[in-house]
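Undergrad: Here it is: the structure, laid out below.
Derivation of every value follows stated rules applied to the coordinates shown; laboratory data play no part. Model, not experiment: these values are computed from the prediction. A quick note on method: Cβ atoms are made from the backbone with ideal geometry, for glycine too, and the neighbour counts reach across all protein chains shown.
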Amino acid sequence: MRARFVGRFASGVALLITAAACGGGGSGGSAPPPTPPPPPAAPSADTQRLLEQATFGATSADAVHVQNVGIAAYLTEQMAASPSQYSGFTYTPHTAPSNCQYHAATPTDASSICARDQYSLFHVQRQLFMNALNHPDQLRQRVAFALSQIFVVSGIEIYEAYGMADYQNMLLNDAFGNFRTLLEDVTLSPVMGRYLDMATNDKTDAALGTSPNENYGREVLQLCSIGLYELNPDGSQKLDGSGAPIPTYDQSVVIGFSAVFTGWTYAPLAGAASKWANPINYDGAMLAFDTHHEPGSKTLLDGLTVPAGQSAAQDLKMALDDIFNHPNVAPFIGKQLIQHLVTSNPSPAYIARVSAVFADNGSGVRGDMAAVVKAILTDPEARGDTPAQSNFGHLREPALFITGMLRSLGGQSDGVLPRALVSGMGQPIYTPPSVFNFYPPSFVLPGSQTLAPEFAIDNASTALARANFVNTVIMQGGASPDPTVTGSTGTTINLTALAAAGDSNAIIAQLNQSLMHGSLTSAASAVILAAMNAQSTTDPLAAARTASYLLLTSAQYQVER
Amino acid sequence: MKRRKFLFHAGALAGTAALGQLGVFAARAAPADDYKALVCIFLAGGNDTNNTIVPIDSAGYTNYAQVRGPLALPQAQLLPLQESGGVLRFGFHPGLQGLQNLWAAGNLAVVANVGTLVQPLTKAQYQSSSTPKPATLFSHIDQQHEWQTSISNVSSSTGWGGRLADQFNALNVNAMVPPMISTGGNNLFVTGAASQALVIPTSGSFGLSGFSNSSGDAARRSALASLLSVDRVADLTMAAQDVMSGALSSSATLNPILTATNTTVTQHFTGLTTGFANQLLAIAKVIEAHSALGAKRQVFLASLGSFDTHTNELATQQTLFAQLDPALAAFHGAMTAIGAGSNVTSFTLSDFSRTLAPNTGGGSDHAWGSHHMVIGGAVHGGQVYGVMPTLALGGPDDAGGQGRWIPTIAVDQYAATLATWFGADAAALTTVLPNLSAFSPSSLSFI
């Protein structure tokens, strides 16, 4: 029964993933001849749940694999898997040449295609979906996608495809490194430099009456590291003697960090001499011109003063160390990663356990992201066959909603349809409306104290867009290949195997396993069964389509618990 | 009974707690044709109002240009704003031609130096640590929330637009759509005690795709609805179910209205293709249909973003005003054309204004008090209300040294003026604006 289920569900892609994962993360080398695998144990609900939290969607093949090797070994494998990369992008000048302009009247002429390929995020967005559907390093991609929503840049300003690809590759590479490295790489990224204006941020010019740009100095504190209020390790706010929260910094500190972050410009273009300021170039980290660095002393967090007269690089190191060592970073970043991966409402104890690992990975190292991610996913609050709390879980964000259905139902996609329709669900990939991401981590359900970040983009319009995406893919046959995209395969889910599972009860049982980790209630099951039995019996796929449509459009599926 | 019907249409969270909170509303007699709408225009990111309304007289402009340096707009390009008695003190940004016309026609008022406050605040009080000040000044999301909630000392899960709409549930009892509608996504301003705004699309159809009249499709459609009322245990699942319930009922009502192409209001938007214009067109269509919808009091929200001009400010603000100005003018024209010009009032909100002092990147940074515009036939326009700040770095209105104006009008007063026009009585105001009593006068005279 179980083996048959796996055979029917495992797409070629899913089998590849298992092979790569079993082979030590696909790192190659000459493997010994395979020995016959042991008979697979039935994947537990907890195994399915782990995959929902750690991947872009649970596949039956992955479930069997995790069940066999165990969660700890699976996480180790995942962290060793070679990083997915956004590939195929090269430098383009910031201003598009005349033969690379979009023409609305002729959207498929060579110039329009050039503009789409190089001066929009079209292919980067497409690759997010392709990598998520096909590449073995699922956990790294999940964490990098979460990081892209904490260290936010947006296609509104970073529309050059190669720039966004570079930035996301950096997040993929740093996902399991040290937070201090991540913080410095983000800070010196020319993409972040452009987005939050640290690039070519100049020192004070008394004659012009200008002072350093405060954008990065403020937001790196507020959004990327410590937040606005002093926190306990369990994420709760520290309170002063009168019961009020304690601000982590004031305007003088913003001014101090803004002054620190002066004197950096883009790397010079290949073959060009470096000067202040170099033209926009997203290849290579930013570099310093000390003559444009604010010379005076700077006030930073908790009274740290950076002495006058240091170089830009010296100031930067002191400032980033100051941020990194602030006690807030552990609960501030830890809680957000929990929210992205596991649940919107982690208990204080859960946050505290993750914070402790951020502070010390057990070997005296602070900021070990691999250890933090492992702590998040193996925490008792995340594990088990059923969650204990009624406020547990999170709404699948649109990108994960799409990849989840495609992976769990053995679908395939070139990313063209997903990247187009995910916008209507409120999540244009890598293009949030501002540095505050698509949704804030603090969003609560109206009239409650229940945290629900993804609900900030769940409304009548986006909820219908989700359902209509399911209609397109499940009921209407998906999307055909796009002739303007090389190697396009369209987007399809073949439900033939599901339909062949047997009668309506058997189909529901399979969907319950693959989509709901066995949590479908008898009440919901009865509703779906009645609709399946009302379908035409002459269409062999009608019942399977009906059941898939109803489950995928349901809140019971869309809220992952 | 009728209230239950309303709750269903609103997609509001069911349950006894929600019903209890909705029990609070203004029991207020109103004529049968009584209709009013407030339209919040949210300028996300912090619009630089130092360059929205600018001193145009010789001495005022000279001082402005000296401080603003590279961000100064040319004096000759400013659009003059004549005040009563032939006084000419200010000009609009050159991109606001349509709004200048509304000013000249008496349909647009400027309210000066409005901002988040816990209580009135002098500079000396600001500099002393003992006087309560708004939490987390200069932070985007927090200042947005304080504008949207009109509460600056503690966080609030409801907005003043939402609380205001809650007061009129009795009047809206026969409405077929929720009293709060947004084209700018979910927003705290339009979140009430037990409901949030219906978010409508600004293009395409509004509803479920893929259902024919076949019996199989009917069964599938019925099952989709049934799944919304089973498994009501987990908080987040129920919330997602409620959003979908509201979407199904409201979209069925509104889809024909939103997809109509040749109505009185659509003609006023001919040639306007921006996303922001489409937002106001969608709102105009809903207002045009308000009688059929049974709506008596509606609160709308539209949003235009990217005002966070830390760099390249002159070009960016010009581009954004090119979207804002014609759309607002078209909207007012459309409202007038359907006879609702005096029943509909639009007004701006934004995170904050920006520093008067320019930064080294061709932009300006997060500041505080800002100037706002109120538009409509009921507005006492062609005037500036309140006191413009002294444009001096480190001067009497500056919270620091870079031109962050300490507000002289609280958000509460701005909101109370609009809420009073909307029909809120003194008792209702205490619920809608709980900190209003800290400020005097409680209401201004711009409408």
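Undergrad: Round to the nearest 10 and give me the degree value, 0 to 90, for the angle of helix A:348-359's Cα axis relative to the longest principal axis of chain A.
TA: Long axis of A:348-359 versus the principal axis of chain A: about 60 degrees.
Undergrad: Please give me the summed charge of the neighbours of residue A:290: other residues whose Cβ is under 11 Å from its Cβ, Lys and Arg +1, Asp and Glu -1.
TA: In short, -1.
Undergrad: Can you name the helices of chain B, as whole DSSP H runs, whose Cα span along the helix axis is 24 Å or more and whose Kyte-Doolittle mean is not below 0.5?
TA: In chain B, the long hydrophobic H runs are B:235-258.
Undergrad: Residue A:275 versus residue A:252, label points 7 Å from Cα toward the beta carbon: distance in nm?
TA: 4.0 nm
Undergrad: Let me check I've understood the local charge: for residue A:472, count other residues with C-beta under 14 angstrom from its C-beta, Lys and Arg +1, Asp and Glu -1. What total comes out? Could the numbers behind the result be given before it?
TA: Details: positive: A:419, A:466, A:545; negative: none.
Once positives and negatives cancel, what remains is +3.
Undergrad: Which whole-Hz ³J(HN,Hα) couplings does the stretch B:122-133 yield from phi under the Karplus relation 6.51 cos²θ - 1.76 cosθ + 1.60, θ = phi - 60°, glycine and proline marked x?
TA: Computed from phi, the couplings for the stretch B:122-133 are 8, 4, 4, 5, 4, 7, 8, 7, 8, 8, x, 10 Hz.
Undergrad: What are the radius of gyration and Dmax of the stretch A:432-527, computed over its Cα atoms and given in Å?
TA: Both quantities, over Cα of the stretch A:432-527: 18.5, 50 Å.
Undergrad: As I understand it, the value is the acute angle between the Cα axis of helix A:179-188 and the longest principal axis of the Cα atoms of chain A; what does it come to in degrees, rounded to 10?
TA: 60 degrees
Undergrad: Treat the count of other C-beta atoms within 10 Å as a stand-in for reagent exposure and order A:326, A:292 from fewest to most. Could you put the intermediate results ahead of the total?
TA: Working: A:326 21, A:292 18.
Ordered by Cβ neighbours within 10 Å, fewest first: A:292, A:326.
Undergrad: Next up: Can you sort B:40, A:100 by how many other beta carbons sit within 10 Å, fewest first?
TA: Ascending Cβ contact count within 10 Å gives the list A:100, B:40.
Undergrad: Among rounded, prolate and oblate, which fits the stretch A:95-214 when a ≥ b ≥ c are the square roots of the eigenvalues of its C-alpha gyration tensor, a/c under 1.5 means rounded, and a/b larger than b/c means prolate?
TA: oblate
Undergrad: Other chains' Cβ within 10 Å of B:206-218 residues: what's the mean?
TA: Partner-chain Cβ atoms within 10 Å, mean over residues of B:206-218: 4.
Undergrad: Give, to the nearest whole percent, the P(r) tail of the stretch A:496-560 beyond 19 angstrom, counting all Cα pairs.
TA: Here the tail beyond 19 Å accounts for 20 percent of pairs.
Undergrad: Could you give log10 I(q)/I(0) at q = 0.05, 0.10 Å⁻¹ for the protein assembly as shown, computed by the Debye formula over C-alpha point scatterers of equal weight, without solvent?
TA: Here the Debye-derived log intensity ratios amount to -0.30, -1.30.
Undergrad: Hey, another quick one. Round to a whole angstrom and tell me the spacing of the C-alpha centers of the stretch B:109-130 and the stretch A:109-182.
TA: Cα centroid of the stretch B:109-130 versus Cα centroid of the stretch A:109-182: 43 Å apart.
Undergrad: Let me ask you something else. Under a point-charge model restricted to the Cβ atoms of Lys and Arg (+1) and Asp and Glu (-1), what is the dipole moment magnitude of the protein assembly as shown relative to its Cα centre, in debye to the nearest 20?
TA: That gives a dipole near 2100 debye.
Undergrad: Relative contact order, percent, of chain A when contacts are C-alpha pairs under 8 Å separated by at least 6 residues? Intermediate values should be presented prior to the final figure.
TA: Values: 973 pairs, mean separation 85.7, N = 561.
Answer for chain A is 15 percent.
Undergrad: Next question, about the same structure. Rounded to the nearest 500, what is the protein assembly as shown's calculated 222 nm mean residue ellipticity when only DSSP H runs of at least 4 contribute -39500 (n - 2.57) each, over all residues?
TA: -12000 deg cm²/dmol
Undergrad: What fraction of the DSSP beta bridges in chain B is antiparallel, stated in percent and rounded to the nearest 5?
TA: Percentage antiparallel, nearest 5: 40.
Undergrad: Of all beta bridges DSSP finds with both residues in the protein assembly as shown, what is the antiparallel percent, to the nearest 5?
TA: 55 percent
Undergrad: Counting only C-alpha contacts under 8 Å and six or more residues apart, can you give the relative contact order of chain B as a whole percent?
TA: Value for chain B: 29 percent.
Undergrad: Cα atoms only, the stretch A:130-196: Rg and Dmax in Å?
TA: Both quantities, over Cα of the stretch A:130-196: 11.7, 33 Å.
Undergrad: Follow-up. In percent, how large is the relative contact order of the stretch A:496-560, given Cα pairs closer than 8 Å and 6 or more residues apart?
TA: Taking the mean separation of contacting Cα pairs over the length of the stretch A:496-560, I get 34 percent.
Undergrad: Across all directions of projection, what mean area in square nanometres is found for the Cα convex hull of the stretch B:178-299?
TA: 9.3 nm²
Undergrad: Using 10 Å bins from zero, what percent of all Cα-Cα pairs in the stretch B:242-332 falls into each bin?
TA: 14, 40, 29, 14, 3
Undergrad: Post the alpha-carbon centroid distance, the stretch A:427-500 to the stretch A:287-338, in whole angstrom.
TA: Value for the Cα centre distance between the two parts: 38 Å.
Undergrad: Determine, for B:385, A:159, the number of other Cβ atoms within 10 Å of each Cβ, and report the residues in order from fewest to most. Could the numbers behind the result be given before it?
TA: On the way: B:385 21, A:159 17.
So the ranking, lowest neighbour count to highest, is A:159, B:385.
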